[in-house]
Each structure stands twice: as structure tokens, then as C-alpha cells.
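Structure record follows, encoded as C-alpha cells.
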Amino acid sequence: MLFSHTSTIAVILLTLACRPAHAVQCPQGYYNPPGEGSQCVACAPGTYNDQVGHTSCQTASAGWYAQGSGATSQQECGPGTFSLAGASSCTNCPVGTYQSQSGSSQCTAVQPGYSSNGPGATSQTQCGQGYYSPGGAAGCTICPPGSYCNSNTNPAPTLCEPGRFAPNPGATQSCTLCPTGSFTDFYGATACCSCCSGWYNDNTGQTHCFNCPTGGWSPAGATDKSQCTTLSGALSSCASTNNQCPNPGGSVPSGGVQKRRLPHRHMCPHGHKNCPVYGLHGNAGYIKAYECVDIENDLETCGGCVANDSPFGYRNADGGRDCSTIPNVDAVRCLGGECLIMKCSSGFMLSNNGEACEPLWIEQGSWLAS
């Protein structure tokens, strides 16, 4: 059956009316919200759109970010930073944390014995000997007196054991042994306790002192039982209380007279020597102390101890010389325990043995012009 012209036009109009409207092709970084007609809206910070014709934007992934409005892509966070999903920027790792990788959603806490360098750290660093950190630290702490830190990654200081002490901060190895005449019986000592009257200690690194076999008095800090007497005045005990050293007692026995104390000699390093320091009492001289002298390099105590017994730079019985008193010398130094004359005064020359400056003579016995 043939359609009429009017019927044909009606079918065409109905077909056009039922055809869907053409969708808006919004560019990258924008989207067309449903029900907004032909309007294109910029993607909000933290979202992006990398294609055209979308009705929504994508959320930036964790470890990535989309900066500003209308972003067309997401960017990866670098080392030392992190981000959560939907971030418009990366955040620096806080103090005490670090991140060595890109695209991270969190930072890693610094391990004990390590530190990180401020916000945005990309790595952790070992504290090193003499320092420690408990973990999550921005910096390392020096080991306090009474302790030591002998590892490169100390989580905490180690207290000195009884019989040892550390007077200064930053000890890197085990604490120092208490010297003879002293002790410690507790952990974390910064100094050693002196042995009390009636007690002695002839060994180093001790946790207690020993009773005098005589049962009598001895001077505080006695280093040998030969210092013990039968005099009264000895203390009945010699132990710490609450990590505090005991009172060592009197230096004079009860009813006794104080014994003359000899000057203390030091333990000198290599190349040094214990030399006496003299004093004057009335018209009499006496040794009032000892000091460690560098006899290898000291100009006035070269090669051995020198008091006033090296006139004109002569070598004394101890082998020492005062190089500065050698006559007719313009330049001299002490090297390896020997006076090294580098220049004689005008009209003088170095002797054959190199220890003095002798006059220059010509055969007739007159001075040789310089």
C-alpha cells in the first residue's frame, strides 16, 4: 500500500524528535556535569581529566597529585614527600621520618640509632660512635657522662659498669677503669669513689676496697696494704649509698700525726716524663709536685728533666738540656730529645759534635770576618 505524502512527513518529524541530543565535547581538564546542558566545568584541584568529552574528573592517586584547577594529568610525588588520594600537592616528610622512593603515600619512621635531616628527608643517617637516638629522631644525642656509645647505631647509651667511669660526654668505647685506691659499686659513675680510711685497693677496675689486714687506719685512697697501720680511726664500712660515694674519713688517724704526703706522680703519655716541680720553704728547696713534660720537643727540658742543673745548656745527670741557655746561638730547637742548633751567632760556627757554637779563628788566632 502506498503512503500518502502527509504520512511520510509525519514519520520523518517523529524520528527527529526521538533522536538524542548531541553530547558536549568538553576539552581535557574539563567535564560536562549531567543536567548542565552544554556547560564545561574545570576539574577541581586534586582531580584531573586526560580525555575529552567526559562527564566527570578522575581523582589523583595516592602518591600523586593534580595541581590547580583544570589539570589534564596527575604528577608523581618525589623522594622526601608523600600524598594521599585526591591531593593537589605533595607534603614533605615530617621531622623524624624519611622517604627514599617516588610515588609514596606515607613516610618511614627513622630507626633507632639513626637520624634524618629535617623535613623532606630522603634517607636516614647513622648516629656514629659517641651518639645515640631512640628512633623517630631528627638528630642524634651525645652520650652523657657515666655512659658510652660504642656502636654506629646506638638506640640508647650504655651505663658504665661498676668499677668503671666516664667523666666526659661522648665516650665511644667502654668506660675507663677506676685507678688504684678507688672503686665504684654502681652503674653510670662519672667519677670513682676514694677508698675510705682503713681500706685500700691495689688493683684497677674494682667494685670495692679491701679492709686493712692490720685492722687499723690507712689514708683515704690507699693503693697498697703497706699503707695500713695499727692506729685507730679506720671506718667500719666503705660502700656507696644511692649511687653516692661514701665519706672517705679523716686524713689523719685518731690521736696521730699526719704523715708527710709525697707528691703524686702522673701516668705520662709516650715521649713525656714525670719531672719534679720545685718549691722553696724558707731557705730549703723541696719537690712540691710532678708534671708530665714533653722531653722530645720541649726547648727547656730536652732529653730529660732539667731544674737549675743545666747551666750553659750542659747535659745533666738525667740526660736533659736547656737548649735555650746554649751560648752564642741564634736559632735552636729540641727535636727527638736532642738540641738541634740551626744557626750560630755572628763570629761563631757549629762544633764538630753539633752541640755548641764555637768561635771562628784563623790560623794566626784572629777573628775571621763574617
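The values are calculated or read from the model by the stated rules, or taken from the named source; none is laboratory data. Just so it is clear, the structure is predicted and the values come from calculations on it, not from any experiment. In this analysis, Cβ positions are derived from the backbone assuming ideal geometry, glycine residues included, and neighbour counts consider all displayed protein chains. The protein model used for the area step is the full one, side chains on, heavy atoms only, and it has no ligands, DNA or RNA in it. Shrake-Rupley method; radii C 1.70, N 1.55, O 1.52, S 1.80 Å.
Go through the range 114-127 and report how many residues are part of a loop (DSSP other than H, G, I, E, B) and more than 14 Å from T172 (Cα to Cα).
9
Could you list, in sequence order, the residues of the range 128-146 that are open to solvent by 20 Å² or more (accessible area, probe 1.4 Å) and in a loop (DSSP other than H, G, I, E, B)? I'd like the intermediate steps shown before the answer.
Keep residues of the range 128-146 that are open to solvent by 20 Å² or more (accessible area, probe 1.4 Å), which gives 129, 131-132, 134-136, 138-142, 144-145.
Hits for the range 128-146 are Q129, P134, G135, G136, A138, G139, C140, P144, P145.
On the given criteria, is S123 exposed (fewer than 15 other Cβ atoms within 10 Å of the Cβ) and either within 14 Å of the chain's Cα centre (by Cα) or in contact (Cβ under 8 Å) with a residue 24 or more places away in the chain (or both)? Lay out the reasoning, then the answer.
On the way: exposed (fewer than 15 other Cβ atoms within 10 Å of the Cβ): yes; either within 14 Å of the chain's Cα centre (by Cα) or in contact (Cβ under 8 Å) with a residue 24 or more places away in the chain (or both): yes.
It is true that S123 is exposed (fewer than 15 other Cβ atoms within 10 Å of the Cβ) and either within 14 Å of the chain's Cα centre (by Cα) or in contact (Cβ under 8 Å) with a residue 24 or more places away in the chain (or both).
Filter the range 326-340 down to residues that are surrounded by 17 or more Cβ atoms within 10 Å (Cβ to Cβ) and either of a type outside the set (A, V, I, L, M, F, W, C) or under 12 Å from E355 (Cβ atoms) (or both), then give me how many there are.
Pass one, the range 326-340, residues surrounded by 17 or more Cβ atoms within 10 Å (Cβ to Cβ): 326, 329, 332, 334, 337, 339.
Narrowing the set further to residues that are either of a type outside the set (A, V, I, L, M, F, W, C) or under 12 Å from E355 (Cβ atoms) (or both) leaves 326, 329, 332, 337, 339.
So the answer is 5.
Looking at the range 287-306 only, could you name the residues that are of a type outside the set (S, T, Y), over 9 Å from G320 (Cα atoms) and open to solvent by 30 Å² or more (accessible area, probe 1.4 Å)? Quick ask: steps written out before the conclusion?
Going through the range 287-306, the residues of a type outside the set (S, T, Y) turn out to be 287-289, 291-300, 302-306.
Then drop every residue that is not over 9 Å from G320 (Cα atoms), which leaves 287-289, 291-294, 296-299.
Residues satisfying the conditions are I287, K288, A289, E291, C292, D294, E296, N297, D298, L299.
Of the residues in the range 40-57, how many are over 10 Å from Y30 (Cβ atoms), open to solvent by 50 Å² or more (accessible area, probe 1.4 Å) and either of a type in the set (F, W, Y) or at pLDDT below 95 (or both)?
Adding up the residues that qualify gives 4.
Collect the residues in the range 341-361 that are part of a strand (DSSP E or B), more than 20 Å from D294 (Cα to Cα) and open to solvent by less than 70 Å² (accessible area, probe 1.4 Å), keeping them in residue-number order. Quick ask: steps written out before the conclusion?
The initial filter retains those residues of the range 341-361 that are part of a strand (DSSP E or B), namely 341-344, 348-350, 357-359, 361.
This time we only want the ones that are more than 20 Å from D294 (Cα to Cα), so: 342-344, 348-350, 357-359, 361.
Passing the criteria: C344, F348, C357, P359.
Consider Q39 carefully, then state whether it is touching a residue at least 12 places away in the same chain (Cβ under 8 Å), over 28 Å from S104 (Cα atoms) and in contact with a Gly (Cβ under 6 Å, 6 or more places away or on another chain). Break it down into steps so the answer makes sense when it comes.
On the way: touching a residue at least 12 places away in the same chain (Cβ under 8 Å): yes; over 28 Å from S104 (Cα atoms): yes; in contact with a Gly (Cβ under 6 Å, 6 or more places away or on another chain): no.
Spelling it out, it is not the case that Q39 is touching a residue at least 12 places away in the same chain (Cβ under 8 Å), over 28 Å from S104 (Cα atoms) and in contact with a Gly (Cβ under 6 Å, 6 or more places away or on another chain).
Do we have any residue at all in the range 172-182 that's open to solvent by less than 60 Å² (accessible area, probe 1.4 Å) and farther than 29 Å from T241 by Cα?
No: the range 172-182 contains no residue that is open to solvent by less than 60 Å² (accessible area, probe 1.4 Å) and farther than 29 Å from T241 by Cα.
Restrict the check to the range 90-107 and report whether at least one residue is within 30 Å of T158 (Cβ to Cβ), open to solvent by 40 Å² or more (accessible area, probe 1.4 Å) and either free of Cβ contacts under 8 Å to residues at least 12 places away in the same chain or of a type in the set (V, I, T) (or both).
Among the residues of the range 90-107, at least one is within 30 Å of T158 (Cβ to Cβ), open to solvent by 40 Å² or more (accessible area, probe 1.4 Å) and either free of Cβ contacts under 8 Å to residues at least 12 places away in the same chain or of a type in the set (V, I, T) (or both), which makes the answer yes.
Name the single residue, out of those in the range 135-160 being out of contact with any Pro (no Cβ under 7 Å at 6 or more places or on another chain) and free of Cβ contacts under 8 Å to residues at least 24 places away in the same chain, that is nearest to S115 (Cα to Cα).
T141
Can you find, within the range 281-304, the residue that is modelled with the lowest pLDDT among those that are of a type in the set (G, A, S) and over 17 Å from C334 (Cβ atoms)?
Within the range 281-304, the first condition is being of a type in the set (G, A, S), and the residues that meet it are 282, 284-285, 289, 303-304.
With over 17 Å from C334 (Cβ atoms) added as a condition, the list becomes 282, 284-285, 289.
On the way: G282: 54, A284: 57, G285: 59, A289: 79.
Here the answer is G282.
Could you give every pair whose Cβ atoms fall below 9 Å, whose first residue belongs to the range 47-70 and is under 13 Å from N32 (Cα atoms) and among the aliphatic types (A, V, I, L, M), and whose second residue is open to solvent by 30 Å² or more (accessible area, probe 1.4 Å) and part of a loop (DSSP other than H, G, I, E, B), counting only separations of at least 6 or pairs across chains?
Note: pairs meeting the criteria are V52/Q25; V52/P27; V52/Q28.
Scan the range 65-87 residue by residue and report those that are closer than 13 Å to N49 by Cα and either polar (S, T, N, Q) or out of contact with any strand residue (DSSP E or B) (no Cβ under 7 Å at 6 or more places or on another chain) (or both).
Q67, G68, S69, T72, S73, Q74, Q75
Could you check E76 against (1) open to solvent by less than 50 Å² (accessible area, probe 1.4 Å); (2) under 30 Å from T122 (Cα atoms); (3) touching a Gly at 6+ places or on another chain (Cβ under 6 Å) and say which number it fails?
(1)
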